[in-house]
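The values are calculated or read from the model by the stated rules, or taken from the named source; none is laboratory data. Worth saying up front: this structure is predicted, and the values here are computed from it rather than measured. For accessibility, only protein heavy atoms count, side chains too; no ligands or nucleic acids. Shrake-Rupley method; radii C 1.70, N 1.55, O 1.52, S 1.80 Å.
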Amino acid sequence: MSNSLLIMVSLAIASIGLITWQHSVRSDLIRARRRWLQASLLLAAGMLVEGFVEPGKGEMVRLALGSAMSNAGIALQLTIIARVTGLKPPHWLWLAMGALSLLDKLLPYRPLMSVLESAEIPLLYLAAAWLYQRAERLVSHNRFSPTALLFLLGALLFVWRDAGDFLLRAQGLPDSIDYLDRQHQLALTFAAAAQICGSVGFLNIVLQRQHNRLEDAANLDPLTGAGNRRALQYWLRTLEASVERVCVVMLDIDHFKLINDLYGHPAGDAVLQTLAELLRQGIRENDMLIRYGGEEFCLLMPDADADDGAQAAERLLRAFRAQTPLPGHPELRAAFSAGVHEWRCRQQDFADAQQKADQALYQAKQAGRGQVRRL
């Protein structure tokens with residue numbers, strides 16, 4: 001084993017952990033950042049202990065302690081990544097991993113000890129590869145994670161290293177120190193690269209989460225979670241050139257002022273939230289929902305004609321009529337009026353199409369409300 005390489009890697013991991021803490025100090029996830037620093041320092045300390053192990057009395061105890069600290073640090077990092085991405089592993093998982101790594105090196109039955117010891121790092125690295133790929137997809141919206149690839153390669157290299165050791169023993173051949181040391185150095189090099197990329201990846205996740213929250217605050221209506229007019233302008237700017245038509249649906253809750261007067265403004269807010277949630281659940285993934293103002297919403301449906309929009313609005317209207325926004329007032333029911341217009345993107349601008357949908361909405365109101373009209 002190359003002690004000097006372990007020591008250098010441990011110092012690099014500790015340094016990257018400190019840098020990650022420093023550069024993410026202005027973002028949220030304070031507890032996660034603090035625990036990430038603790039995990040990095042624990043991992044680095046464990047590798048230092050392993051790096052300074054010399055043959056002689058107490059060698060196995062020091063090696064077991066160093067391995068336990070290192071694996072506990074990796075497990076703590078993985079727990080943090082999992083929780084940032086919405087999973088909820090037990091808080092004590094990293095302690096259990098450390099205890100397992102400590103005990104398996106003190107087992108009296110050497111074959112079992114070797115199997116457990118060889119499985120620890122590959123399993124941790126495979127879990128890391130999956131978690132980083134998940135984090136990149138959910139938080140950063142990337143399909144590919146270089147960090148996940150490095151952890152996967154690291155796991156395979158550690159399996160290759162231990163498999164070579166087992167093969168030599170199975171054939172009754174003496175251990176080739178040079179051969180095994182080369183394997184170990186290669187595996188450890190990839191492990192170091194994966195750990196450093198992992199810290200950078202965690203920093204990216206923290207900063208991306210902060211960016212997403214700020215972007216949501218700027219583009220989303222805080223009451224309903226629908227997009228606001230700023231989000232609408234961004235959606236229009238980024239609309240794909242291949243889209244030739246968009247169905248524009250303007251919706252307005254009927255008698256909304258009366259609901260506020262009779263039941264209070266919290267009831268009106270509940271009606272708005274109920275409609276917004278129903279609309280989100282009832283439209284396609286690429287459709288856009290905007291709270292246009294007050295009790296008025298705008299629904300944009302790319303590659304849909306007026307018939308599609310009218311059918312969708314009729315279906316949503318029936319579903320909204322069946323809702324009971326206030327559990328304590330089952331008699332409170334609401335409806336909306338809707339105007340539909342097919343926007344030909346290459347023949348007219350959006351303002352004109354939206355005005356036509358508004359005219360259709362006005363006709364629905366004039367005709368008695370609770371209905372859908374097209375123009």
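Averaging the sequence gap over all C-alpha pairs within less than 8 Å and six or more residues apart, then dividing by the number of residues, gives the chain a relative contact order of 12 percent.
For the chain, the solvent-accessible area with a 1.4 angstrom probe is 51 square angstrom per residue. Here the chain has 60 percent of its accessible surface on carbon and sulfur atoms, given a 1.4 Å probe and all protein chains in place.
Directionally averaged projected area (segment 200-277, Cα convex hull): 7.9 nm².
Counting only DSSP H runs of at least 4 residues, each contributing -39500 (n - 2.57), and dividing by the residue count of the chain, the helix-based mean residue ellipticity at 222 nm comes to -22500 deg cm²/dmol. Size estimate for segment 257-303 follows the Kirkwood approach: the inverse of mean 1/r over distinct Cα pairs works out to 11.7 Å. Normalised by the number of residues in segment 229-374, what is the relative contact order in percent for Cα pairs under 8 Å and 6+ residues apart? Here the relative contact order equals 32 percent. Summary of the geometry: segment 336-375 and segment 71-87, compared by the centres of their Cα atoms, lie 50 Å apart.
As an exercise, find the ratio Rg/Rh for the chain from alpha-carbon atoms, using the Kirkwood inverse-distance average for Rh.
1.19
Multiplying the residue separation of ASN286 and LEU214 by 0.36 nm and subtracting their alpha-carbon distance yields 23.7 nm. Once the Cα atoms are used to define both axes, helix 306-321 deviates from the longest principal axis of the chain by about 80 degrees. Stokes-Einstein, applied to the Kirkwood radius of segment 256-375 over Cα pairs at a viscosity of 1.002 mPa s and 20 °C, places its translational diffusion at 143 µm² s⁻¹.
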